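Here the structure is laid out as structure tokens; the discussion comes afterwards.
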DNA sequence: GACCAGGTCCTTG
DNA sequence: CAAGGACATGGT
């Protein structure tokens, strides 16, 4: 962890915090966050909200319900998020893991973060971003979420040769506070979505760090 | 019509 | 390990 990278990471956090202040982001109970985390894979959030509404209408917005649900029925609600077949499978797998391992979502709140994370990662279709999103926003854990936007903003900031280790880099810089973790990831997404083009970095103030 | 979206897994070189 | 393709609908 070179000092230079940490300094820039700190600056990113501070700049974005000043830019956005407190913003509401990804609110919802643990069940909804888990469902949303899978549905939002490679998909716009607005579409996920639609699917979530449909699932709620059918009383399918809980792990318990999904565990017992007809997959074909679920696909109707989830279709608008794309990859609907595979996502239905992933929701089923997650529900099975939760119910078989813990018996209920509420039981998960007393499980240590590392153990919770390992369990989530063992589910087929749940990778690091999805697992950390669930931990951070669903269970209020200090597990930093790294996504495509995080990689973009880091590139804009000129942090050298960082393809991996971003999670650790930000965690080393953030206070031990779940709220800070939630806000910082939210800030990064909102900023990068607007200013960090996929390939270039035009009009991006983060580039000032260079 | 082309391109992209708050990923993950599998297959190749 | 890095890179490329599959998974799929909906918006710009």
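Values quoted throughout were computed directly from the atomic coordinates according to the rules given, and no laboratory measurement underlies them. Remember, predicted model here, so these are calculated numbers, not experimental data. Cβ: placed from backbone, ideal geometry, glycine included. Neighbour counts: every protein chain shown.
Give me A:93, A:143, A:122 sorted ascending by neighbouring Cβ count inside 10 Å, so fewest comes first. Numbers along the way, then the final one.
Details: A:93 16, A:143 23, A:122 12.
Ordered from fewest to most neighbouring Cβ atoms within 10 Å, A:93, A:143, A:122 come out as A:122, A:93, A:143.
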What whole-number distance in Å separates the alpha-carbon centres of segment A:60-120 and segment A:29-56?
12 Å
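Return an integer: the convex hull volume of the alpha-carbon atoms of segment A:29-88, in Å³ per residue. List each step's numbers first, then the result.
Details: hull volume 4.0 nm³, N = 60.
Cα-based convex hull of segment A:29-88, divided per residue, equals 67 Å³.
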Compactness of segment A:1-120 as Cα Rg over 2.2 N^0.38 Å, two decimals
1.29
Sorted from fewest to most neighbouring beta carbons within 10 Å, what does the list A:123, A:78 look like?
A:123, A:78
Which of A:135, A:166 comes first, and how do the rest follow, when ranked by fewest Cβ neighbours within 10 Å?
A:166, A:135
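How big is the Cα convex hull of chain A in projection, averaged over all directions, in nm²? Present the calculation step by step, with values, prior to reporting the outcome.
Values: hull surface 46.0 nm².
Over every viewing direction, the Cα hull of chain A projects on average to 11.5 nm².
222 nm [θ] for chain A, helices only, -39500 (n - 2.57) per DSSP H run of 4+, per residue, to 500? Walk me through the numbers before you get to the answer.
Details: 11 runs with 124 residues, N = 210.
That comes out to -18000 deg cm²/dmol.
Please compute the length gained on full extension between residue A:19 and residue A:179, using 0.36 nm multiplied by the number of residues separating them and subtracting their Cα-Cα distance.
Details: separation 160, 0.36 × 160 = 57.60 nm, distance 1.68 nm.
Between residue A:19 and residue A:179, full extension yields an extra 55.9 nm.
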Could you list, bin by bin from short to long, the percent of Cα-Cα pairs of segment A:120-170 in 10 Å steps?
25, 48, 24, 3
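Tell me, in nm to one decimal, what length is gained between residue A:167 and residue A:10 on full extension, where the rule is 0.36 nm per residue of separation less the Cα-Cα distance? Intermediate values should be presented prior to the final figure.
On the way: separation 157, 0.36 × 157 = 56.52 nm, distance 1.33 nm.
Stretched out fully, the residue A:167 to residue A:10 stretch lengthens by 55.2 nm.
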Distribution output for segment A:124-210: share of Cα-Cα pairs per 5 Å bin in percent, first bin at 0, values 3, 15, 24, 24, 19, 11, 4, 0, 0
Relative to a virtual label point 7 Å from the Cα of residue A:124 in the Cα→beta-carbon direction, which members of segment A:80-115 show backbone nitrogen distances below 18 Å?
A:83-101
Counting pairs of alpha carbon atoms under 8 Å apart in space and at least six apart in sequence, what relative contact order in percent does chain A give?
26 percent
